[in-house]
């Protein structure tokens with residue numbers, strides 16, 4: 001496949017639309033669509049794909065946190081997934097919510113997971129089959145490991161320690177959000193934070209710069225030009241990425257971790273919604 005020629009440290013984490021067309025119905029493979037637009041799946045999706053609603057399926061309804069181990073086990077059982085199942089994520093908007101779902105799955109140790117390069121848009125642009133039929137799979141008795149946030153998730157106080165230590169942060173929001181002009185991307189309601197700006201010391205690298213026009217990821221040389229030559233990052237760095245609620249930064253986490261091989265990258269999912277509202281935390285404009 002072309003992927004192996006693009007210089008990624010972990011090329012197996014990506015699959016092509018051709019691979020999905022050939023193997024999406026294989027036993028032991030489960031396609032998972034996760035979109036920003038939670039109604040998009042119902043208008044048509046890849047045959048055999050199930051839907052993961054980032055808001056209802058992955059988040060605790062009462063606490064601003066993710067589902068716990070028991071909740072993850074129930075979700076996996078409902079989707080017919082076992083620990084041995086290869087889960088292939090894809091979605092809209094350059095796969096930003098697909099990589100978010102992928103990241104949440106890693107909190108529970110389901111590392112037998114991949115992302116379909118190019119996502120939903122590339123599949124549709126190639127004229128491939130879509131269906132409105134929702135598949136049903138036999139429930140499984142999934143047993144997950146206890147959720148382990150520490151390796152890939154950062155919390156507010158940890159981010160403050162990170163800032164005080166002068167370690168690198170990557171703000172993946174739009175330039176206008178980074179400057180404080182906007183509280184959300186353009187054309188979205190400007191809500192979620194009392195203050196605009198960015199975390200002191202954070203470097204502005206909008207998440208979508210890592211994607212080509214067709215939604216596929218740029219090759220490793222292009223990515224290193226952005227993150228290393230332009231921003232001065234190194235695989236030896238401890239990096240924290242953030243956005244507004246952690247979904248765009250999960251895309252950057254995926255790029256740095258899996259495509260460029262950075263071993264110490266955490267996603268601050270509290271992001272600007274938390275930091276911009278918190279008492280006593282510093283900001284920069």
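Annotations for the structure displayed:
- Length released on extending from residue 158 to residue 10, taking residue separation times 0.36 nm less the Cα-Cα span: 50.5 nm
- Looking at the chain alone, DSSP beta bridges between its own residues are antiparallel in about 15 percent of cases.
- For the chain: relative contact order, % (alpha-carbon pairs under 8 angstrom, 6 or more apart): 21 percent
- Between helix 96-107 and the chain: long-axis angle, C-alpha atoms, 0 to 90°, nearest 10: 90 degrees
- Residues residue 179 and residue 68, FRET efficiency given R0 of 41 Å [Cβ-Cβ distance, rounded to 0.05]: 0.65
- Rounded to 5, percent antiparallel among DSSP beta bridges of segment 2-125: 10 percent
- Residue with peak Gaussian network fluctuation, the chain [Cα springs, cutoff 10 Å], from 109, 166, 80: 166
- Unit Cα scatterers, Debye sum, segment 156-275: log10 I(q)/I(0) for q = 0.16 Å⁻¹: -0.71
- Selected from 194, 14, 79 as most flexible by GNM, with the chain as the system and alpha-carbon contacts under 10 Å: 194
- Plainly put, segment 209-253 has a radius of gyration that is 0.98 times its Kirkwood radius, both from alpha-carbon atoms, as the Rg/Rh ratio.
- Once you reduce segment 61-128 and segment 195-263 to the center of their Cα atoms, the two points are 20 Å from each other.
- Efficiency of FRET between residue 56 and residue 128 - r from beta-carbon atoms, R0 22 angstrom, step 0.05: 0.20
- Segment 4-74: radius of gyration and largest Cα-Cα distance (Dmax), Å: 15.4, 45
- Each stretch of four or more DSSP H residues adds -39500 (n - 2.57); spread over every residue of the chain, this sum gives -6500 deg cm²/dmol at 222 nm.
- For 152, 81, order by how many other beta-carbon atoms lie within 10 Å, fewest first: 152, 81
- Panel order for 157, 214, 117, by other beta carbons found within 10 Å of each beta carbon, from fewest to most: 157, 214, 117.
- P(r) weight above 20 Å for segment 80-159, C-alpha pairs, percent: 48 percent
- Mean-square fluctuations from a GNM of the chain, with a 10 angstrom spring cutoff on Cα atoms, peak among 67, 199, 46 at 67.
- Expected-Rg normalisation [2.2 N^0.38 Å, Cα atoms] applied to segment 2-125: 1.02
- 254, 72 arranged by Cβ crowding within 10 Å, fewest neighbours leading: 72, 254
Every number in this text was worked out from the coordinates using simple rules, so none of it is lab data. Every value quoted in this text rests on a predicted model; they were computed, and no experiment measured them. Ideal geometry is used to build each Cβ from the backbone, glycine not excepted, and the neighbour counts take in all protein chains shown.
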